[in-house]
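Note sheet for the following structure.
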Amino acid sequence: MSNNDKSRFKKVAIAGITFQAGSAAVDSSTIMAALVYQLTGSSIIVGAITAILRFGWLFPQLIIGFLAQRSGSSMQYYVIGAFGRATCMALMAATLWVGADWPRGWLAAAVMVIWVAYAFISGIVAVPYNDIVARSVPSELRSRLLATRFFGGGVLALVVVVGIADRLVGELAFPLSYAAIIAIASVLMFLSSTVFTAMGEPQAVGNAATKPGFFQYLKDGVQVFRTDNRFATFVYAQWCGGAVLMAMPFYVVQASQSGVSLEHVALLLGAQTTGALLSNPLWGWWGDHLGKVSLLRAIALGRVVPPLLVLLVALAASLPQAALFWFFMGVFFLTGALANGLTIAVIGFLMEISPDDKRPAYSGYFNAITAPAFLLPLLAGIIASMFGVTVVFAISLLAAGAQFVLLRNIRT
């Protein structure tokens, strides 16, 4: 690895570490789920938190993929998305602080409006980030890079975010404690954006003079889906992955309904972060040495376990309070480990199957096609309110099995 490659590797890693810690402070399945659950008491709105984040993250990417592919440059779009989402978090922190005495309904509405803006502005980042990182870091180092990002981000989140968050939730009145936690997220996101943009953008591959129109771009996307079997199967598997994720915000709801106090939400986040942290060396080694497809399959199989465990404990006789707390700590540890492994595998595999000169377009196609599946947590909220959260976990369990079967059909 040349000195220039080492420099880029370090800057991408540092930017990723600080963002990862910041995003942990607004994690949709712990901090944000607990915030809106205490504001509204609604399972539907809890489900909407993750659905909005996932859909908002994916939907803009079709348009951004077209614009980045056409312009031959990605950094300008990264700047808009990265600094925009950090600003949204600063605004949410200020709203929670200033609106502490507002009626809960008004405050909840303000939080949800800002969350929607955060989700869709965040979606601008993904395509340029994948494109710039793929041009900056060789393929054989990408899983290691992502593992470094998640490991360092996990350490920072555990030391700074979780430690401070646990103290704030205990010492500050609600929602001032959440305002302070989200302010920390904003600062870390601004730092991440600054480091990444300072790196600059490597030279793009391909002919920037070739600028197809938007409808030709969409037509090319349909052709890719029809002719590239690995791409299409990967899309189907990701749809199943969206159904698996529909249960994510309801682990904290199930913990609360089982008797675990939401004052311990920071500790659940800590368990999730620790799981992500300790598993990263394994996922980084696995992706670079055994392949991204092998890692995808292993993670899909592992994702069967958390909903299965929750279903078993829900059907069992009541457990002692202390045992329930440690049970959910273990579940959140496992979901954190699997979530990081999935991200490393999905980003790495998408980079690998995307042609160098069409990477922004492929990212746009993939994420836009899979976006509707990530609205399923909203449907999960409706299901949970009508039939109970155990039905949501049962659907998640079946979807994880289906995802594993589909990934078995992807050729390596």
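The values are calculated or read from the model by the stated rules, or taken from the named source; none is laboratory data. Model, not experiment: these values are computed from the prediction. Cβ sites come from the backbone with ideal geometry, for glycine too, and all protein chains shown count toward neighbours. Just the protein is used for accessible areas: all its heavy atoms, side chains included, with ligands, DNA and RNA removed. Shrake-Rupley method; radii C 1.70, N 1.55, O 1.52, S 1.80 Å.
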Legend entry - residue 104 paired with residue 315, simple spin-label distance in nm, labels 7 Å along Cα-to-beta-carbon: 3.4
Inset, instruction - May I ask you to evaluate 6.51 cos²θ - 1.76 cosθ + 1.60, the Karplus curve with θ = phi - 60°, for each residue of region 284-299 and list the ³J(HN,Hα) values in order in whole Hz, giving x for glycine and proline? - result: x, 5, 4, x, 7, 9, 9, x, 5, 5, 4, 5, 4, 5, 4, 5
Legend entry - Under Karplus coefficients 6.51, -1.76 and 1.60, residue-wise ³J(HN,Hα) of region 185-199 in Hz, glycine/proline x: 4, 4, 4, 5, 5, 4, 4, 4, 4, 5, 5, 5, 5, 5, 5
Legend entry - Dipole of the chain, positive end: most advanced residue of 274, 87, 286 [Cβ charges, Cα centre]: 286
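Rounded to the nearest 500, what is the 222 nm mean residue ellipticity of the chain from helices alone, with -39500 (n - 2.57) per DSSP H run of 4+ residues and division by all residues?
Details: 19 runs with 327 residues, N = 412.
Computed ellipticity for the chain at 222 nm equals -26500 deg cm²/dmol.
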Inset, instruction - Calculate, axis by axis, the spread of Cα positions in region 8-53 along the three principal axes, and write the results as whole Å, longest axis first. - result: 45, 17, 10
Legend entry - Solvent exposure ordering (accessible area, 1.4 Å, most first) of 391, 224: 391, 224
Legend entry - Dmax and Rg, reported as Rg then Dmax, of region 42-124 (C-alpha, Å): 15.0, 49
Legend entry - Rounded to whole Hz, the Karplus (6.51, -1.76, 1.60) HN-Hα couplings of region 379-387, x for glycine and proline: 4, 4, x, 5, 4, 5, 6, 8, 10
Legend entry - Largest-first ordering by accessible area, 1.4 Å probe, given options 407, 168: 168, 407
Inset, instruction - Considering the options 360, 240, 325, tell which one lies farthest towards the positive end of the dipole of the chain, charges being +1 on Lys and Arg and -1 on Asp and Glu at the Cβ, about the Cα centre. - result: 360
